[in-house]
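As structure tokens, the structure follows; a few thoughts come after it.
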Amino acid sequence: MAILIDETKRVLVQGITGREGKARTKLMLEFGTQVVAGCTPGKGGQEVLDVPVFDTIEEAKENVGQIDVSVIFVPAPLVKSAALEAIATGIGLLVIVPDRVPLYDVMEIAAAAKAAGTRFVGPNTLGVLSVGRAVLGMIGGRAASAREWFKPGRTGVASRSGGMTSSTGYYLSQAGIGLSTLVHVGGDSIIGTPLPDVVELFEADEDTDSVVMFGEIGGTQEERVADLIEQGKFTKPLVAYVGGAAAKEGTRFSHAGAIIEGGRGTHAGKVARLREVGATVVESFGELPETAKRVLNGKK
């Protein structure tokens, strides 16, 4: 078992004929993802890396059958139409990679997804990787490095930073901690699957025993994870790092979704709340691997 993606899921790539679409499809295929079709309006009838390309998702489904996931690699202004098409055709999971998607477009996508019972990750996400099984998006960059960096095991990674998703996974693996699934939730102010949703998925995953979380200032995702722990909805060991300790109110830290406003979303507040409910929070990123190892061995 894994969360969100495994080798059995049938994947469509929207924007497969573009530069990013081609490059990331190569990564996904070489890592073991079952990419069954691509979709680019006006490019139907072509092939990319032996994957058939269609003008519409409906046409793709008519030709290849069931599609479980769409990974979207189209320019930001076109993301809304691509996502709404995927939702309308009954695809259950969307991974929206592009950044700079207009806020009101994301709000429309979120409303349509909620009405249809569809989940989406992103926008502005590197994606999801289940170690040794499949990847959606661009975590690892190349299949060879992704296989080398991330070792299989029973610890999940949930992160608000794309680059630090890979770094967290790499350093945990170097410390001898094997991983189940890595999820970059996305860096924008509105995202489809925030940290609380990810840790709930890990709670239900029989193959994940603990979670390492990379948080940031801004918003309330980390505080809502703490709420889940307090409510008994997340019961597995959680080790966390929260970036942005030196940031002051009004600061934007790395991403659109990492802004301190009105005294909310502060580093101190997030750390205090997580510790209050029993999570282990480290002061520096470098402490994360060894601290996680101690926690997994039942030591504080």
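The values are calculated or read from the model by the stated rules, or taken from the named source; none is laboratory data. In this text the structure is predicted, and so the values were computed from the model without any measurement. Cβ sites come from the backbone with ideal geometry, for glycine too, and all protein chains shown count toward neighbours.
Condition check: touching a helix residue (DSSP H, G or I) at 6+ places or on another chain (Cβ under 9 Å) and touching a residue at least 60 places away in the same chain (Cβ under 8 Å). Does ARG160 satisfy that?
The answer is yes for ARG160.
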Please list, ordered by first then second residue, the pairs with beta carbon atoms under 6 Å, 6 or more apart or interchain, first in the stretch 217-239 and assigned by TED's automatic domain parsing to the domain that holds ILE190, second basic (Lys, Arg). GLU222/LYS270; GLU223/ARG273; ALA226/ARG273
Just the residues that are more than 13 Å from ALA279 (Cβ to Cβ) and of a type in the set (Val, Ile, Thr), please, taken from the stretch 188-241. ILE190, ILE191, THR193, VAL198, THR208, ILE217, THR220
Residue match in the stretch 189-199 (condition: in the same structural domain as PRO289 (by TED's automatic domain parsing) and touching an Asp or Glu at 6+ places or on another chain (Cβ under 9 Å)): yes
Keeping to the stretch 133-177, report how many residues are more than 23 Å from PHE120 (Cα to Cα), surrounded by fewer than 20 Cβ atoms within 10 Å (Cβ to Cβ) and not hydroxyl-bearing (Ser, Thr, Tyr). 11
Residues that are surrounded by 17 or more Cβ atoms within 10 Å (Cβ to Cβ) and small (Gly, Ala, Ser): list the strands (runs of 3 or more DSSP E) wholly contained in the stretch 1-120 that include at least 1 such residues. 34-39, 69-72
Among (1) assigned by TED's automatic domain parsing to the domain that holds THR291; (2) in contact with a Gly (Cβ under 7 Å, 6 or more places away or on another chain) - the single one GLU203 does not satisfy: (2)
Can you tell me how many residues in the stretch 178-192 are assigned to a loop (DSSP other than H, G, I, E, B) and either buried (at least 24 other Cβ atoms within 10 Å of the Cβ) or small (Gly, Ala, Ser) (or both)? 7
